[in-house]
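Remarks on the structure that follows.
The values are calculated or read from the model by the stated rules, or taken from the named source; none is laboratory data. If you're wondering where the values come from, they're calculated on a predicted model, not measured in any experiment. Here the Cβ is made from the backbone with ideal geometry for all residues, glycine too, and neighbour counts use every protein chain on show. Note: areas computed on protein heavy atoms with side chains; ligands, DNA, RNA excluded. Shrake-Rupley method; radii C 1.70, N 1.55, O 1.52, S 1.80 Å.
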Amino acid sequence: MFGFGKKEKEIYAPVNGELIEINQVNDPVFSTKAMGEGFAINPSNGTIFSPIKGAVTSIFPTKHAIGLVNKDGLEVLIHIGIDTVELAGEGFELLVAEGAKVKPSTPLVKVDLDYLAEKGKEATTMIVFPNLEENNIIITPGSVTAQTVVGKIE
């Protein structure tokens, strides 16, 4: 009634690019949904924003992955690139710290897409919901703009 809680169920594009189904990702850990339900974006720029309103719960030391949670307990893992853990943080500039409150207009990290390409790494960015039941997210593949609604949690 009155749309209460509706905003917490919306998912925003964290980066400009082409949104694809998670099963199209060139990494079996993500494409088989072993990490959880989600989607991916092939980015056209390197500024990654939060896909939800919530808080930063973890930042991997290699800066390629960030964990978030919203007030309803929805967990989100943003994993930037494929095999980018091997870069040991090079090409990534963190813009937030653990514990930071975030919203879809909050930039989390800047990624040097040219550096990733130079190192032979795909920049595909996965947005995964580890504690979400399968098929409980509705998204529409195609071109997306950062900070706009791209899906919702059922």
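Assigning unit charges at the beta carbon (Lys, Arg +1; Asp, Glu -1) and nothing else, what dipole magnitude in debye, to the nearest 20, does the chain show about its Cα centre? Provide the component values of the computation, followed by the final result.
Details: 13 positive and 20 negative charges, 136 e Å.
Magnitude of the dipole: close to 660 debye.
Between region 26-40 and region 121-154, what is the separation of their alpha carbon centroids in Å?
After rounding, the separation between the Cα centres reads 11 Å.
For region 36-80, what is the convex hull volume of the alpha-carbon atoms per residue, in Å³?
Taking only Cα atoms, region 36-80 has a hull volume of 85 Å³ per residue.
Within the set Lys9/Lys71; Lys33/Lys103; Lys103/Lys152; Lys53/Lys121; Lys9/Lys53; Lys71/Lys101, which residue pairs have Cα atoms separated by over 18 Å?
Working: Lys9/Lys71 11 Å; Lys33/Lys103 25 Å; Lys103/Lys152 15 Å; Lys53/Lys121 29 Å; Lys9/Lys53 10 Å; Lys71/Lys101 11 Å.
Beyond 18 Å between Cα atoms: Lys33/Lys103; Lys53/Lys121.
If we sort 53-59, 121-127 on the protection proxy, mean other Cβ atoms within 10 Å, highest first, what's the order?
Ranking, from highest mean packing down: 121-127, 53-59.
Put +1 on the Cβ of every Lys and Arg and -1 on every Asp and Glu Cβ in region 1-147; which of Ala146, Gly73, Pro14 then has its Cα farthest towards the positive end of the dipole?
Gly73
In square angstrom, what is the accessible area per residue of the chain with a 1.4 angstrom probe? Don't jump to the answer; show the numbers that get you there.
Values: 7710 Å² over 154 residues.
I get 50 Å² per residue for this part.
Taking the Cα centre as origin and putting +1 on Lys and Arg beta-carbons and -1 on Asp and Glu beta-carbons, what dipole magnitude results for region 1-92, to the nearest 20 debye?
440 debye
In percent, what relative contact order does region 49-105 have, based on Cα pairs under 8 Å that are 6 or more apart in sequence? Spell out each step's value before the answer.
On the way: 94 pairs, mean separation 27.3, N = 57.
Here the relative contact order equals 48 percent.
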